[in-house]
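See structure below.
The values are calculated or read from the model by the stated rules, or taken from the named source; none is laboratory data. The structure displayed is predicted, hence computed values, not measured ones. Note that each Cβ is placed from the backbone with ideal geometry, even for glycine, and that neighbours are counted across all protein chains shown.
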Amino acid sequence: MNQPAFIITIDTEGDNLWHNHGQVTTENALFIPRFQSLCEKFGFKPVYLTNYEMAMDNAYVEFAKDMITRGQGEVGMHLHAWNSPPLFNLTDDDGRHKPYLIDYPDDILENKVKLITQLLEETFNIKMRSHRAGRWALNEFYVKVLIENGYHIDCTVTPRVNWRSALGAPQGQGGTDYSDFPDRAYFINQNNIAIAGHSPLLEVPMSTCYKHSGWVNSAKNLYDSLRGKHRSPSVHWLRPHGGNLGNMQRVVNTVLARGNDYVEFMLHSSELMPGGSPTFTNEAAIEQLYSDLEQFFEWLKGRVTGMTLTEYYQQKLSSEQ
């Protein structure tokens, strides 16, 4: 029996976009090779889901081309709508509000996806196959456009998480509610992305699990509803945030116990740089991150097989034929 796949996804984007609302910088490109070396040490192959500013960074482009040539990872597409051309002023300050791509008119959405796809394909001389939406926002029209542009894999869905209360454009509807979406890979239904269908796009949801038991979540939901609040139950993600090695192991064990044939890890490229994120603010925090990653990868070794999203897609396709 094949081992479960271990899929590493890196949202490859500008420095500290949580706080940086003006000029976008890409210094974190210089810190990515250290992470790549760690992955290669354990036979894992990251997927660098790349947005516009990183595709314009020479250091990152040189790194990614070498990685692709050596077959040690994948470049996919990641789109931050507020600064990815063609530019379109949706709010009084798009850099501050950071609208979702699904907040924009359909023709603007189409043009943004088409342009960045062409840019990435011309820059790296490969076909774009994998994708993650900026700020985790997806809908049926977005999926249609991805399919039209030749994408095979999306990894935007975050099971158990409701992003509705997180606004992009102030006049928008907020993010996508994934509370009842599948938590394992499925070929998406173009007319209802929350269920399986027969489209050519494979959805590979993030690996998450509830922090609390069912009865605790129910009690919390009841308490919130009495206060007029609607929040997602708390979840653990398969992502490091400093000192959470045990929680990451718990997510892996929980996901695999459900019968999933993969686990999906994520991190932002800017989180690999001291001060590149609110989480890892200095060199000591980065060293703690790498200590956690080394221990986590060592623990995973022998339990999983490292794969890119495209490799996982090809395996999935073969198993269904």
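Among (1) within 30 Å of Asp93 (Cα to Cα); (2) at pLDDT 95 or above; (3) not basic (Lys, Arg), there is one condition Ser232 misses while meeting the rest; what is its number?
So the condition that Ser232 fails would be (2).
Could we say that Leu38 is in contact with a His (Cβ under 7 Å, 6 or more places away or on another chain) and closer than 21 Å to Met307 by Cβ here?
no
Test of understanding: among Leu267, Leu256, Leu309, which residue is surrounded by fewer than 20 Cβ atoms within 10 Å (Cβ to Cβ), of a type outside the set (Asp, Glu) and touching a strand residue (DSSP E or B) at 6+ places or on another chain (Cβ under 8 Å)?
Of the residues listed, the single one that is surrounded by fewer than 20 Cβ atoms within 10 Å (Cβ to Cβ), of a type outside the set (Asp, Glu) and touching a strand residue (DSSP E or B) at 6+ places or on another chain (Cβ under 8 Å) is Leu256.
Taking Ser165 as meeting all but one of (1) touching a Ser or Thr at 6+ places or on another chain (Cβ under 8 Å); (2) of a type outside the set (A, V, I, L, M, F, W, C); (3) touching a residue at least 40 places away in the same chain (Cβ under 8 Å), write down the number of the exception.
(1)
Check off (1) closer than 20 Å to Met77 by Cβ; (2) in a helix (DSSP H, G or I); (3) in contact (Cβ under 8 Å) with a residue 40 or more places away in the chain for Leu267 and give me the number that stays unchecked.
For Leu267, the failing item is (2).
Which one of these is in contact (Cβ under 8 Å) with a residue 24 or more places away in the chain, surrounded by fewer than 20 Cβ atoms within 10 Å (Cβ to Cβ), assigned to a helix (DSSP H, G or I) and of a type in the set (D, E, K, R): Glu287, Glu294?
Only one candidate passes the filter, namely Glu294.
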